[in-house]
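Reviewing the structure listed below.
The values are calculated or read from the model by the stated rules, or taken from the named source; none is laboratory data. If you're wondering where the values come from, they're calculated on a predicted model, not measured in any experiment. Neighbour counts are summed over all protein chains in view; Cβ atoms, including those assigned to glycine, are modelled from backbone coordinates with ideal geometry. Quick note on the areas: whole protein, heavy atoms, side chains included, nothing else; ligands and nucleic acids left out. Shrake-Rupley method; radii C 1.70, N 1.55, O 1.52, S 1.80 Å.
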Amino acid sequence: MKKIKIYTTPYCPFCTRAKKLLNSKNVLLEEIDLSEKPEKFEEMVSTSNGAKTVPQIFINETHIGDCDFIHELDNKGELDKILGIK
């Protein structure tokens, strides 16, 4: 199974939306809540090519993108392939 990491904050509606989509795929998420671990912010920025907004999603340490991008991938039928579930 692929390793999925998502950087979030609890007050972000896009984070909630991204997690809902990923949870609907029955995949395990490693969630890094930046409100609880603010020291992880620089890690997120450096590994996401400078993205400073949440959520930021990684699959097997590869930066996939944000909420809008994973929904776009899902609409195209590509997210399941990336997640390794089809």
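Can you tell me which of 25, 5 is out of contact with any Phe, Trp or Tyr (no Cβ under 7 Å at 6 or more places or on another chain) and among the basic types (Lys, Arg)? Show your work before the answer.
Working: 5 fails: out of contact with any Phe, Trp or Tyr (no Cβ under 7 Å at 6 or more places or on another chain).
Among 25, 5, only 25 is out of contact with any Phe, Trp or Tyr (no Cβ under 7 Å at 6 or more places or on another chain) and among the basic types (Lys, Arg).
Given the criteria buried (at least 17 other Cβ atoms within 10 Å of the Cβ) and touching a residue at least 24 places away in the same chain (Cβ under 8 Å), does residue 6 qualify? Write out each step before concluding.
Details: buried (at least 17 other Cβ atoms within 10 Å of the Cβ): yes; touching a residue at least 24 places away in the same chain (Cβ under 8 Å): yes.
Judged against the criteria, residue 6 is a match.
Is there a residue in segment 44-58 that is open to solvent by less than 80 Å² (accessible area, probe 1.4 Å), assigned to a helix (DSSP H, G or I) and not hydroxyl-bearing (Ser, Thr, Tyr)?
yes
Filtering segment 9-43 down to residues that are aliphatic (A, V, I, L, M) and outside any loop (DSSP other than H, G, I, E, B), which residue is surrounded by the most Cβ atoms within 10 Å (Cβ to Cβ)?
So the first thing to find is which residues in segment 9-43 are aliphatic (A, V, I, L, M), and the list is 18, 21-22, 27-29, 32, 34.
In the following step, the residues that additionally are outside any loop (DSSP other than H, G, I, E, B) were identified as 18, 21-22, 29, 32.
On the way: 18: 25, 21: 16, 22: 22, 29: 16, 32: 20.
The residue in question is 18.
Sort out which residues of segment 59-86 are assigned to a loop (DSSP other than H, G, I, E, B) and in contact with a Pro (Cβ under 7 Å, 6 or more places away or on another chain), and write them in order of number. Break it down into steps so the answer makes sense when it comes.
First, pick out the residues of segment 59-86 that are assigned to a loop (DSSP other than H, G, I, E, B): 60-61, 66, 76-78, 84-86.
The one that is assigned to a loop (DSSP other than H, G, I, E, B) and in contact with a Pro (Cβ under 7 Å, 6 or more places away or on another chain): 66.
If a residue must be among the polar types (S, T, N, Q) and in contact (Cβ under 8 Å) with a residue 40 or more places away in the chain, how many such residues does segment 49-86 contain? Full working, then the answer.
Residues of segment 49-86 that are among the polar types (S, T, N, Q), as a first pass: 49, 53, 56, 60, 62, 75.
In the following step, the residues that additionally are in contact (Cβ under 8 Å) with a residue 40 or more places away in the chain were identified as 56, 60.
Final tally of qualifying residues: 2.
Could you please give the count of residues in segment 65-75 that are open to solvent by 30 Å² or more (accessible area, probe 1.4 Å) and either in contact with a strand residue (DSSP E or B) (Cβ under 7 Å, 6 or more places away or on another chain) or farther than 13 Å from residue 14 by Cα (or both)? Give the derivation first.
First, pick out the residues of segment 65-75 that are open to solvent by 30 Å² or more (accessible area, probe 1.4 Å): 66, 68-69, 71-72, 74-75.
Then drop every residue that is not either in contact with a strand residue (DSSP E or B) (Cβ under 7 Å, 6 or more places away or on another chain) or farther than 13 Å from residue 14 by Cα (or both), which leaves 66, 72, 74-75.
Qualifying residue count, segment 65-75: 4.
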